Structures are given as C-alpha cells and as structure tokens.
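Notes follow the structure.
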C-alpha cells in the first residue's frame, strides 16, 4: 500500500476575482482578492497595498461581491458573500446584489424562469421600484436580454419592465447603470448597447472588435465612467455623456469608448482610488496601475506601479540543476498569450550580484549601519568605505588583528582589535578612548552593540559600556573554560541594550547565558560532541526569541529563549554546512533574518513560528554584513577568501521569453513525445507509437498501441510506459525489446478524464483528473487472476481543488538538510492552472495513520471560513471507495503556533478524544511541513523573506 | 480538440467544457463498430437493458424468452476488438427463471449485488447477483417497475401503481388515479419522492409519494388551452397510449412517447409542455418502450427506438440528428453509457448491438494497414508525407 502526502509549495497566484470596499472597518478601504481557494484581504494605503489577512476556504471562489446587510448598516462593515462553485458546474453562476438583496443564480433561476436556455450574465438594475434583475440568456434563436421583477413576498420572479430580443450574438455582460441614468449597458463582441426600456443606444467602435471584452468595473458612483478590459490586455474607458432635458431630467446622450493603454490580460478590474486600478490577472502577473491625465510618448495613459507575480497557468515545467549544487531549480512555462514566459523558480534565496571587488585575504566584514544622516552617502563613498576599512584591516594584520566589529553610531565607532577596544570618531578617525586588558593580553573574542561591549580574554569576560566619549569597564568574571564565542545582541524592547550575554565555551562545549552586568549565570546548555561552538547569536523572529549556536563542523543548534529568565527550550539541531559557520543578522522589509556564512551559505528566517533554512545561490561566504545605501539599497556585502560581493536578495527570476511550439508534421495530432530507450515515443491521437532511428537518421515506426480513446500524456520508467487517456484514466504498457512490441499490463477502468500523469515507482502511479482530483493507482502484481492483474486499483484519492497540468519528479530541497530526515520518500512536484506548485511525497503507513488521525481530530477543532465543512470539500464527483488522504488541515494546525497547538489540541473541552502527540512526533511533523515551507520560499516568498 | 485542450490547460475554459464538447462529438459519431460485439444469448426479442451506475461495468438484459443475462462491458482483451461477455445467465434451466417475457430489469442503484426484474408472468423478483437466486418475489399483474433506493414502484395491468418496500417485500402504498394499464413508471433523478407514471389512458401523472392524496398533476399536451382539445382529451399527454417515460439526467425535464407517434418534452416541475417538435416518432410498441437520453453533452440527445433503428434527436431542438440502423427487426430498448458515450440497443432480432463513437484517427487506419504489410514502407511513413496540419497556432 502506498501512502502519499500532498502539500502546497506555492499557493495559487492567479487572481479570479477582486472587489474594493470597506470591509475590515468603515474607514479602511480594502481590496479583496480571490485566488481560487484563497482570499487575500489588503488595506489600500497611500504607500500601496498592505496585506491584512489571508484565508483559505474549502472550496473554489467563483464569484465575489461585497454587501452590507440592512440591519447592521450603521456599525458593521460590509460583509462578504462568497459563492462556492461545485466541481461540476452546469451553468454559469451569478451573484449580484441590490441593497440588502442578494441574488445567487445558477440552475435555480432557470427553473424559476422556465427557460430552456443558458443564462450568460445577470445583474440587478438600479432605480427600479421592485428589485429587478436583468439578464442575458441564450436560446437556439440567439441571445436576448430580459428583465424580471423579484417579488419578495411570493419569492417568485415576475415579468419585468422591459426586454430586448435578439441582441448581439456574442453579448456577454450586463452592466447596471446607477441613477440618474438607470438601465443597463450590454457589452458584446463588437458593440456596446445601452437600454433602459425607453431609450436604446448602440455604438460599435472599431477598437473593441480586435478582441473580446472580459471584465468591467465602475469608476464613479454615478455611473458615468466604466473601465473595460479585453483579452489582449487593453484597458478601455467607457464614458456616458449626459444631456439635461428641458424638464430637468438627466438622460444619456452618447457613449464613448477610449483606449487607455495596455496592462496584463485582465481577469478582473477594480478601481481603488486616485486613479489607481488593480488589474487582477489569471494569465499573467497582476498589476497595480495608475491612470494618468496625460498620455506618455506611446500614447498610453496607464503607468504600472506594482506587479504581483503570477506563475499560472503553469502549462509545463521541469526540474533542472543549473548550478550543480545538488539543488533543483524549477523552470515553468507560465502565462498565456502575450503574457507567456519562462520562469525559474529556485528553492531558497537568490543573491543578485551588483558589484564585486577582488580583495585577497579578507579577514572580516564590517557592519556599516549608517545613521540617518549618512544614509544618503553616495555609492562611491560607501564602497570606498567598505574598501577602505577592508583594506585598512588587511594592512594592519601584522600588528593588530581586528575582530571586525565596528559600530557606527552618532559619528563614533568602536574598533576592537586583538589588543584593544578603541572609540574613534568617524569623520576625523581621531581616537577618543581606548581600553586594554590590564596585563596587555590579547582579546580573543568580542561582541558589541551600540551601547555595550563584551569581550573575552582567555577565560575572563569583561563588560564595557560605551558612554559619550568614554569606554567604561563595568564588570568582569572568569569562566570555567576558555570562551569561544559571544553575543550581546539586544532583544525585545530593551532599546539597544542587552541584559543577557550568550557565551559559547571551549572544552565542555556548552552554551551559557549570563546576566549583564553582573555575569551571574542564568542557564547552561551542554551541546555535546567534541566540536566547539564557533558563533553564537540571539535573535528575534516573529516576536519569538531564539538562541542560535553554530559549531565548527557546520552544525547549528537552535533554542527558544526566554529573555527574562535566560532559559533555553525546544532544542533542535540542523546541519548547514561542513565548515565553521558564522552567524550574522540582517533585516529586510522589517523582518529579521540570519545569514549563516559557511561553505554552504544559508539564510535562516521564520515562517509561521518555525525556523526555515534556505539556501543561497553562492558557493562560499565567510563573512557577511548588511548594507543599505542609496546606491545599494537593502543589499548585503558578502566576503569570501578572495572577493567582496555586494548583492541584493532576489525575487523569482523571470525570463521574458515567449514560448514557442516546435512543429513537426504527422498525420494526426501529437499530444505527447518522450525519449524512450534512445527511441522516440509519441502519442498520436489514439495511438501510442514508438519510432526508432534508422541508419539514415530517419524515424521509422517500430510498434504501435491502439487501445486508447485519445492518448494525451506519456511517462516512462525503464521499459514501462504510463499512458494518460483523455477519458479512460491511465494505462500501463510494457515495451518488449525482443519482440519490438507493446504489451498492455494493466489499466485503471474508472472513467477519469486525465490532465496529467506520473509514475511514482514500479507499482504506484499518480494521476490528476478533470474534476480537480489527484489519485494514486496501484499495480497488483501479487494478484492471483489475470483479471485482477489487469486492473490498476485506485488506492488513494485526494481532492486538490486545482487543475494540475504537469507532474515532474524532483525536489527543490537539498536532501538531508535537517538533522533527522523527514519520514518521506520520493518527491513529485506538480504545477496547476492557477500557478500553484505542490509536492506529493510517500509516507510510511504508521505516519499515514498518525497524520490521518490528527487530521480528523483537527477537523473537529479548526473552524472553517464560511462554515463550509472540510469533509464536504473533498467530496468526489463520483462515488468511489478507497483511502483518501487529505492533509490540508495539518497546515492550518501548524500555523496555530505552539501555544495554540497545545490549547487547541489538548484542551479537553474542545477535543475530547485528542491524540497525545509526543513532542518528538510534533517535531517530525514540523520537519515534514518544513518541506512545505522551504518550498514556500520558492515563490519569491514575499511574506517570509523579502 | 487542440484548442479545447489548450483552453483547458491555460485555464481559459472550465475543464468541464472540454469534457462536454468531446462527449457531444462522440455521441454525434456513434456507429456500429466492428471492434465491439455483445454475446448473443437470448433466443427471443430483448425487452430491456440496464447498465449499473457504480462502475459502469455490468449490463443486464431481459428478453421475451424470460431469460436474464448479465454482461461485462469491460475490455479485458488488451486489444481494441472485443466481445462483451455474458458472465452469467438466468436461463431456462434455472428454477428461478421467469416463466414469460421479462419486461423490466433494473440494478439496485447503490450496489451491484442486487437487481430486480418484472415479468408478464405476473411476478416481480429481487435477485442476488452473486448467487443468481431470488431474494424476494412479489406477485402482481404484468408489471413495469422502477426502483429507487429501497422503494420499488410497480405499474401493472391494474390502474393502481404499487409502491413496495424492498426490505420487507411488502406493499407500502398504492397510488390511484389512472384508468388504464400502466405502461411505464420512472422516478425523478432530482427529487427522490417524485414519480412519473404513464398509462394506456393516454395520461401521464406526476406523484409526490410523500402525499397520501392523488397525483401532483397530470401532464396536459395543450397546456390548459381547452379550445384545442375535445372535452374528453383534457389533461392528456398524448393522443394515444403513453408507453415510454424518461427523465433528463438533471431531472428538470421529462420525455414521453405515445402510440400517436409523438414524443413530448415536459417541464417536470410545472408540467408544462415545452412544445418541442420531434416530428413523427414511429411507435408501434404495445408494451413499454425503453428509451434513453445522453448525459454530460451539450446539447443533450434523445435515443428512441424507431422501427428497426434508433433515432437520435436533439433534446431541446427536436431535430432528428441521425438514425442508427443495424437491427434486423424492431428495436425495443436502448441504454446509454454515460462514461464512454456508448449506446446499447436490444431488439426483436435477439441481438444487442453496441454503438461506439468513432475514434479520431485521421491516417491511423492507413498506418495500421501499412504496418501489417511489414513496415517496409517506413520511408514513406504516412506520418510524414501528408500536409495535414494541426491547429496548434
């Protein structure tokens, strides 16, 4: 039996729907973005969009509309209504509102209106006495517009005030026009029509004929301007010209359409404020654009302000190891039409190199945290400063080897060399104050922050305070063993001053926490082993404090740290590299990160209160310090033995290359081609055909297999071929090299309409089908009868809610990164239409049952958004038996945070039958999900890394 | 096809669209396929067919000779050509066999372990599939039955419709209203308490079985317009005996056939005649007519036995799309396989014919003959020589 675990590496990025309104509070202007099964809530601020919350739903968001129930209009912000689309959607779902009346349409409307036809679009009209809906429907004669009044008492639809038969054949959208005009605009392929019962006005501007208009948004509350977006990514403005009649009534005079410019291909548009429009896209990157009053040189009124990466639709992808570091990179074919692009996605963090200087013999790097007055320093000055100090260090090496800690604050810096601590003014480089060890012994290690210095001379620790123009020794103590490393990074709200000193010792290999200034011991942690700690660091991630301690062999211990008592907890160990590791903190976008310099440089950050270790695309880094200047904003200076490099942290690398399709003419459509034992295997319509190369380098048909309806997908392993059929699930073929023929081994007889297939191992096969499900089929080699052997048994089912286009073997994670390897085997990545990347990996049975049990229990505890039960979500369109694995919930569990976990899971009243998870289990669970989160950083990881 | 695949892949279309479009194409290309045969077991006309919905694998047939056969529709031959094997038969040698013609066979909807049959020998039997033994038997006059969950509706020579409980085997309810022999009964696939019955009294009644009183309404071909109908023809569905009933897959509509050679489409919620004109649908059957509709296509189709062929109509357009000709004698029943868009029909010529969609294979046939000739013509492989270009761009 095979058990598999499905995780999301990258959440869907394609935008299905968006709305603007006051949602989180009456004052906030919110933008709500629906991304398939997720809903993201932003606040619109002067600086841009600020994320507020992201919620996952057990369903797909089909339509989204803001509405405000009448009863709570006074105080409550608008509430959101979401419509879940079932996986089999017969009719287009509509959702429209007027006042407090919300209309959800679908098949029900058809029954009510007794129509044998398809409803294309439906909207409530403004300015009608009774609530009135206007809709376009199609019957065999063509498309028509009808209105119906909603009788609230009888809960019925009655004939409405007007109708218009035989509108344009491609009429696709109704836009209700508010007062004073009233009525509706009907958008077609070639024309735009206005109707209100009395008046009828049609225009057919040539500009809109090029493409199809797919979305619209009202700009002004009075309905005089509308934004329209088409399939080519062009943005139009529709203007309603008004005319005042003699009796004072305002009527529509004319319609105008103006081309504003080009954006991404819009799926939805929403006007935010001050000429800013959010363009939500499914086929390319979503954008925040500004509409300018004047056109630019190209005649465009549109200026892109911000771009939101979208990987979808991922049509194809493959895992490659470009830098030969044993770490995969994913190349995806993303986007469609003009948005088509190849994108490289890498686990971990890419450093984009801006400048590098060859400087042999760099011993350290300097932390140049410029004060505000110096932040405008030019590129030249800063690089010179770095160079200068770097060079000055190398020139001083013969006498005083500095310990590379210089703190710049209010124009004074502290230089710590092997013989002394010096306070120097920054401008004149004049020495203000100097401290030496009384016996003149050499300083072995030191650490300082902006107000404090702690240094070690052999076994003795000294604590100095930096006062104005003076270094003052406060206290000293003698440790049991020689000090190997030190840290006094201020944590919490102590404003630049630390009350704790972290120390790593030789000989007994321990990490200790001491109280400052008295050096009284708070906690002692034996690290074990024989490798001495080389770097110790206290840091805060997402409000939790941690102590990190790196050893000489590249191993890293990390602990939770209580800064009041100095007590360490939750000891964990990971191996980052093989060389002595140096830890440095840096901040990016107001989150703190730690850079571990070693032969395998790693960035450590926290995501959902878990530490995540992410690789960097550099060979070796010995020292690192953050750099922030005008020339190199938010940069890092990285040094190895010979070079100093300045770089920035990358987002997803994006190559704007249009995808091209190579063509070769065959009789029939070639749906798939793979290399197979030096031959070419192709699926042509219903045939799977193997071509061999003749001596003349021509292709010759070697054998065929005909028993398919349409062979869309092929995957091979050894002599086995897995065929994904259009509608007959999967088929396993074996190639007989001796006979030169195919033999049908087994078939899944379920009528699955396939979208992607993959071979997991010799016996297990993974498939994705039309109704957004994943399933695993198993070959039963031990079966006794021929008939049983011919059947692939469906052993696992999983409702993903995403349309999978491609499977690819490979992993983005380095193996054995964690101390204990996760209890999984193999890894298959998948890419979906909505830009989601996920991972399928095999579990042992005991793990499966543990996780399943956990999932079931969590089901009872975690409340779903919108009261849609988890159990409803993975319901298959077909009734099938088998063990289904749906571990979606576990991730919501892990995001609860450790206290949340404790209380939610172990609180008896909430979960009376809870499993008692040992901490070991929990840890493994976390490390299992680490796979997930490591991958998460892949997608540019805006929330986590950037 | 490629454009549909591309639209599905890039998320432009709902994946269901491709499925519907391809299903429709397949239904339109149904033909009598030499790759598919069904074992010929019956020695007399075949009255009824039913394919189970759980795996879509087994098909029941009932014949005028009283025999019931179960076929395996699955292709285990590893080749495109195969014969649907009869895996078990309730033949004359069985002591449980119906004495006279089997009128209806139906699988239990939730489990292939059980099926029911009704016969003109005045019995209705519930069978265990494993043992092919009768679990329970009901005595009633020449019956047409419809099964839903554990409630069985039985229409008989008697104008009363009986509801039987399968668990207890007892009659639980009688629906009174018809004045003639009941020729067909069907449950709504949408609401499990709605039942439609057709009778020789040229009326079709819709019942809510939860109500003790009479029927919900009677279908009226003139939609209440009395001027068109003579007084005795009020509330009639046809101008002849109504011998066939079929709900559409969504249960929103009901099709009826009558010996007036008409087929009518009704709104099953309101009872309104949608007035779709199917033209003349020849209907000589004096017994119940088993016809069927497609599922998962857009637009949907109706398959009606019509003389010795099966007529395919557009459900809502009423257009006659094609006549499937192949039987040597009158066709009595047909059954649609929704998973693979295949149609099985049974007739008085004792044959069950399988109508299978034509595969999309321009050139494949040629190629097959080529390879049979020994592959020596590989240099002019048809895969390369033609100018057939795909609509990739």
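Let's test the formula: R0 of 60 Å, r as the Cβ-Cβ distance of residue A:846 and residue B:83. What FRET efficiency results, to the nearest 0.05?
For R0 = 60 Å, the calculated efficiency reads 0.80.
Take residue A:741 and residue A:475, extend 7 Å from each Cα along the Cα→Cβ direction, and tell me the distance between the two endpoints in nm.
For the pair residue A:741/residue A:475, the computed spacing is 8.9 nm.
Per DSSP H run of n ≥ 4, the term is -39500 (n - 2.57); total these for chain B, divide by its residue number, and report the mean residue ellipticity at 222 nm rounded to 500 deg cm²/dmol.
-2500 deg cm²/dmol
Extending each Cα 7 Å along its Cβ direction at residue A:780 and residue A:159, get the distance between those two points in nm, one decimal.
6.3
Pick out which of B:351, B:267, B:76 has the largest mean-square fluctuation in a Gaussian network model of chain B, springs linking Cα atoms closer than 10 Å.
B:76
Using a 10 Å cut-off on Cβ atoms, rank the peptides A:672-683, B:102-113, A:290-301 from the highest mean neighbour count down.
So the peptides A:672-683, B:102-113, A:290-301, ranked by packing, come out B:102-113, A:672-683, A:290-301.
Please give the average number of partner chain Cβ atoms lying within 10 Å of the Cβ of each residue in A:702-709, rounded to a whole number.
If you average over the peptide's residues, the count of other-chain Cβ atoms is 5.
Compute the FRET efficiency between residue A:273 and residue A:436 as 1/(1 + (r/R0)^6), taking r as their Cβ-Cβ distance and R0 = 56 Å, and round to the nearest 0.05.
E(calc), rounded to 0.05, equals 0.35.
How many partner chain Cβ atoms sit within 10 Å of a residue's Cβ in peptide A:725-735, on average, as a whole number?
The per-residue average across the peptide is 2.
Find how many whole Å separate the alpha carbon centroid of segment A:686-700 from the alpha carbon centroid of segment A:480-529.
Cα centroid of segment A:480-529 versus Cα centroid of segment A:686-700: 70 Å apart.
Could you put A:64, B:124, A:246 in order, starting from the residue whose Cβ has the fewest other Cβ atoms within 10 Å?
Placing the least packed residue first, the sequence is A:246, A:64, B:124.
Given R₀ = 51 Å, what would the calculated FRET efficiency be for residue A:571 paired with residue B:57, taking r from the Cβ atoms and rounding to 0.05?
The pair residue A:571/residue B:57 has a calculated efficiency of 0.35.
Averaged over A:668-676, how many beta carbons belonging to a partner chain fall within 10 Å of each residue's beta carbon?
Taking all residues of A:668-676 together, the mean is 3.
How do A:303-313, A:53-63 rank on mean C-beta neighbours within 10 Å, highest first?
A:303-313, A:53-63
Within 10 Å, count the other beta carbons around each residue, average over each peptide in B:192-205, A:686-699, and list them highest first.
Put in order of decreasing packing, that is B:192-205, A:686-699.
If you build a Gaussian network model of chain B, linking Cα atoms that sit under 10 Å apart, which residue out of B:306, B:88, B:333 swings the most?
Answer for the Gaussian network model of chain B: B:88.
Antiparallel versus total DSSP beta bridges in segment B:14-357: what percent is that, nearest 5?
95
Put a dot 7 Å past each Cα toward the Cβ at residue A:762 and residue A:695; how far apart are the dots in nm?
3.7
Comparing B:250, B:50, B:225, which has the greatest mean-square fluctuation in the GNM of chain B with Cα pairs linked when under 10 Å apart?
B:225
Specify the angular offset, from 0 to 90 degrees and rounded to the nearest 10, of the alpha carbon long axis of helix B:15-28 from the longest principal axis of the alpha carbons in chain B.
90
Since every read-out is calculated from the coordinates, none of them should be taken as a lab result. Small disclaimer: the values here were computed from a predicted structure and weren't measured. Quick reminder, even Gly has a Cβ in these numbers, built from the backbone with ideal geometry, and neighbours come from all protein chains shown.
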